[in-house]
Amino acid sequence: MTTAQTTTSPPATSVVAHWVDGGPFAGTSTRSGEVFDPATGEVARRVAHASAEDVDAAVASARAAFPAWRDTSLARRTQVLFAFRELLAARREELAAVLTAEHGKVLSDALGEVSRGLEVVEFACGIPHLLKGATSENVSTGVDVSSVHQPLGPVAIISPFNFPAMVPMWFFPIAIAAGNTVVLKPSEKDPSASLWMAERLAEAGLPAGVFNVVQGERTAVDALLTHPDIRAVSFVGSTPVARHVYETATAHGKRVQALGGAKNHMVVLPDADLDLAADAAVNAGYGSAGERCMAVSALVVVEPVADELVARIAERSRALRVGDGRRGCDMGPLITRAHRDRVAGYVDAGREAGAEVVLDGRGVEADGGADGFWLGPTLLDRVTPAMSVYTDEIFGPVLSVLRVGSYEEAVDLINANPYGNGTAIFTADGGAARRFAGDVEVGMVGINVPIPVPVGYHSFGGWKSSLFGDSHAYGPDGVHFFTRTKAITTRWPAPSHGGINLGFPQHT
Ligand code: NAD
């Protein structure tokens with residue numbers, strides 16, 4: 001993905017700071033980057049780019065706060081989470097406005113993002129139940145064994161630009177509830193939501209140092225991945241960076257879950273309700289301008305219904321209003337000019353490779369600033385697996401239609417793809433749907449559901465190059481990731497017991 005320009009000159013506009021030890025922290029770095037309003041194309045503010053020393057300060061704060069937070073009662077930790085939940089629910093529109101201003105997604109979509117993050121906060125409010133261990137009484141005469149789940153220590157969360165509130169909330173509510181302390185490194189492209197959440201956590205009564213934020217880019221990430229006091233890393237972003245994060249942080253002895261990029265296929269069988277499928281393809285292909293890791297980007301249509309389905313998708317897409325997310329539009333701008341231009345480049349790349357350009361989003365008339373990062377819905381038909389529009393993760397409002405002759409061909413295509421984040425099938429045949437759920441090598445499957453993001457009490461994660469590590473995000477996997485198990489074997493002998501026995505412990 002593209003990066004905003006980094007400079008060492010003094011900032012002219014306000015600078016989004018770090019958050020360390022319970023308050024804003026300017027840091028020592030003189031480097032900063034631009035943060036745009038994507039609907040106007042203007043630089044709205046700047047963001048500090050942390051140095052390794054700034055990261056040290058944040059980790060030191062998390063480390064110092066850990067012993068007291070680990071020992072804080074479950075009752076008290078839960079109260080903080082409930083208070084945060086209330087603040088988030090009451091002020092969700094405020095956070096949504098922060099998201100729209102820097103990311104560009106339309107306000108209704110930004111509200112949806114907040115709701116999906118809230119879901120994980122609510123799950124984490126149940127931490128007393130989730131942390132219950134297990135006890136076996138009298139495993140040997142007079143001996144009991146219990147397994148308890150304890151926190152890890154300071155953990156790092158590194159998040160992408162496309163969900164600046166939800167993705168951090170996939171991790172920090174559970175990490176904190178389980179007794180860890182956190183250093184969040186949000187995307188440098190839309191950094192303000194992280195501070196909004198830090199302020200609300202402080203208001204909710206979270207002690208200083210339990211939640212810290214370092215702003216910045218690669219320098220900050222690499223300092224976290226190699227820091228001796230960071231115990232675990234939760235990362236979400238593109239696959240090359242996820243691989244780098246996984247390899248570097250595991251080589252430094254950390255527990256890592258690194259969620260990567262995606263190419264999500266939606267299969268439409270000939271018996272599907274084509275109106276339902278067309279609605280779903282438009283919503284999942286163009287929602288949030290296609291900048292979702294669960295966006296549908298490859299529509300795999302089993303003939304003979306492709307002509308009809310493409311016509312219905314094109315008709316719906318032409319009616320979409322593209323523009324400033326604050327003006328009630330359907331679809332907002334892309335995140336940066338460079339990213340917009342890169343995505344727009346796929347229209348020609350597709351055409352030159354032999355695809356049919358049904359809709360070209362480059363000429364869209366947007367209801368927004370003349371210099372906004374606009375690209376309208378783009379629909380490419382007769383795409384083949386060798387074309388770059390199929391092999392690359394485009395991460396924009398470009399939907400590619402691949403026409404296949406059979407269910408088997410559709411599944412082979414999906415399973416040959418290096419990514420395995422989400423997929424969906426549209427059909428009226430329960431047997432076919434059930435078979436699909438079993439056959440596809442993908443972590444999340446929707447049956448007549450185009451964006452199958454699991455609820456907060458199930459876990460989210462892809463397979464293959466969409467996730468490195470063995471824990472998915474949030475839900476039961478999240479609790480598992482942010483705790484380690486200790487088995488305690490106990491004997492309180494009666495006064496007459498004891499004696500010498502050098503043999504290996506056996507059960508009597
Ligand atoms: P990105 O990989 O460019 O950046 C993600 C994070 O890594 C950011 O915090 C960024 O500052 C940092 N980073 C970027 N380059 C780095 C480098 N070379 N070394 C170290 N750190 C680096 O991703 P993005 O453009 O912000 O987000 C879009 C990507 O995220 C897409 O590929 C999308 O599929 C993926 N994503 C995946 C999921 C998922 O659940 N699998 C969810 C959301 C987004």
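Taken together, the values in this text are just the output of simple stated rules run on the coordinates, not laboratory data. Note that the structure is a prediction, hence the values are computed from the model and not measured. Note that each Cβ is placed from the backbone with ideal geometry, even for glycine, and that neighbours are counted across all protein chains shown.
Between amide H atoms placed 1.01 Å from N, distances below 5 Å from Val300 occur with Met266, Val267, Val268, Leu402, all of them 5 or more places distant or on a separate chain.
Taking only the Cα atoms of the chain, the ratio Rg/Rh comes out at 1.03, with Rh defined as the Kirkwood radius.
The order of the peptides 163-173, 121-131 by mean Cβ neighbours within 10 Å, most packed first, is 163-173, 121-131. What is the sum of charges around Glu365, taking Lys and Arg as +1, Asp and Glu as -1, for the other residues whose C-beta is under 15 Å from the C-beta of Glu365? That works out to -1. Seen against the Cα atoms of the chain and their longest principal axis, helix 337-353 is set at about 60 degrees. Charges were assigned to the Cβ only: +1 to each Lys and Arg, -1 to each Asp and Glu. The resulting dipole of the chain about its Cα centre is roughly 1600 debye. Multiplying the residue separation of Thr508 and Thr250 by 0.36 nm and subtracting their alpha-carbon distance yields 88.8 nm. Per-residue ellipticity at 222 nm from helix content only, as computed over the chain with -39500 (n - 2.57) for each DSSP H run of at least four residues, stands at -11500 deg cm²/dmol. Near the amide H of Gly443, within less than 5 Å, lie the amide hydrogens of Asn421, Trp463, all on another chain or at least 5 residues away, with H placed in the peptide plane. Rounded to the nearest Hz, the phi-derived 3J(HN,Hα) couplings of the range 475-488 under the Karplus curve 6.51 cos²θ - 1.76 cosθ + 1.60 (θ = phi - 60°) are x, x, 4, x, 5, 4, 5, 8, 9, 10, 9, 10, 9, 10, where x marks glycine and proline. Along its three principal directions, the equivalent ellipsoid of the range 264-447 from the Cα gyration tensor extends over semi-axes of 27, 16, 15 Å, largest first. Lysine pair count for the chain (Cα-Cα distance under 24 Å; residues 8 or more apart in sequence or on different chains): 9. Close amide H pairs (under 5 Å, H built 1.01 Å from N) link Arg45 with Val35, residues at least 5 positions away or on another chain.
Listed values for the range 430-435 are Karplus-derived 3J(HN,Hα) couplings in whole Hz (6.51 cos²θ - 1.76 cosθ + 1.60, θ = phi - 60°), namely x, x, 5, 5, 5, 5, and x replaces Gly and Pro. Largest first, the extents of the alpha carbon coordinates of the range 119-219 on the three principal axes equal 61, 29, 25 Å. Debye-formula intensities of the range 300-341, expressed as log10 I(q)/I(0) at q = 0.15, 0.24 Å⁻¹, are -0.58, -0.82 (one equal scatterer per alpha-carbon, no solvent).
Taking the longest Cα principal axis of the chain as reference, the axis of helix 92-103 is set at about 60 degrees. Quick check: the angle from helix 52-70's long axis to the longest principal axis of the chain, C-alpha only, nearest 10 degrees? Helix 52-70 sits roughly 50 degrees off the main axis of the chain. Using the Cβ of Asp348 as centre and a radius below 11 Å, the other residues enclosed give a net charge of 0, where K and R count +1 and D and E count -1.
Taking other residues whose beta carbon is less than 13 angstrom from the beta carbon of Arg45, and scoring Lys, Arg as +1 and Asp, Glu as -1, yields -4. A protection proxy built from the mean count of other Cβ atoms within 10 Å ranks the segments 62-70, 347-355, 241-249, most packed first, as 241-249, 62-70, 347-355.
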